[in-house]
Amino acid sequence: MQKPAGGPGSLHYPTGTYPVYANGATALLTEILSTLILGFVIGLTGALAPGPTLVATINTSLKGDWTAGLKVSLGHIVIETAIFFLIILGLASVAQPYTTAIAVIGGIALIIFGIMTITGSRSASLNTAPAQAAANPYMAGLLTSAANPYFWIWWLSVGSALLISSLAGGFLLAVVFMIGHWGADVSWYVFVSTTVAKGSTILPDRTYHNVMAACGVFLVFFGFWYLVGPFLPS
């Protein structure tokens, strides 16, 4: 992601034109790739966490439909698309005078979610879903997202701060961030549904614990990096 002047947490907003990249297309492609990777990794840390959307994916895969993960993801993406436009068209302009505060809140939230992920990784399991097939995977993805308090807390803190930061590089990078984020959701939930449909174990608990712990450590370190941004010299 483009590093705004003043550090990673100093957010700026486009004024109708895209930023000028000193090295032309190469610099732009680098920004696109780094933003895509960041969106994917941040999205994966959320997708991996046990929750109602993951349970819905497992349940809708019990009939042997490996595409259930994709369908649940699409339902999840519908509500996140609405949030994306709400932030881009409304919150970004309203939040402009409070960029430093948003960066600080976002950094603290990342650290908190990271610690929660590390703590939760010790007892997390992918083998606790009830053995009852769900009906409509699209609605399951939408409703389990909308009814999950963790989902809204994440978007009101971490998600909105990172999306607004991506917007510093123009609307294109904000879209790229969301594509990376959704790519993580689709990849993980399709992996889960494919594994369940085949009757296999998704991941051994020990491996799942280690993956979640690694995601938590990443969130903590990235949170500290994001938090100190506003206080770094330009």
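Read-outs: derived from the displayed coordinates by stated rules, not from any lab. What you are looking at is a predicted structure, and each value in this text was computed from that prediction instead of being measured. Reconstructed Cβ throughout: ideal geometry from the backbone, glycine too, with neighbour counts over all protein chains shown.
Odds and ends about this structure:
- FRET efficiency estimate (nearest 0.05) - Cβ-Cβ, Met139 to Ser200, R0 30 angstrom: 0.70
- Quarter the surface of the alpha carbon convex hull of the range 138-234 and you get the mean projected area, 8.3 square nanometres.
- The smallest convex shape that holds all Cα atoms of the range 25-231, its convex hull, gives 117 Å³ per residue.
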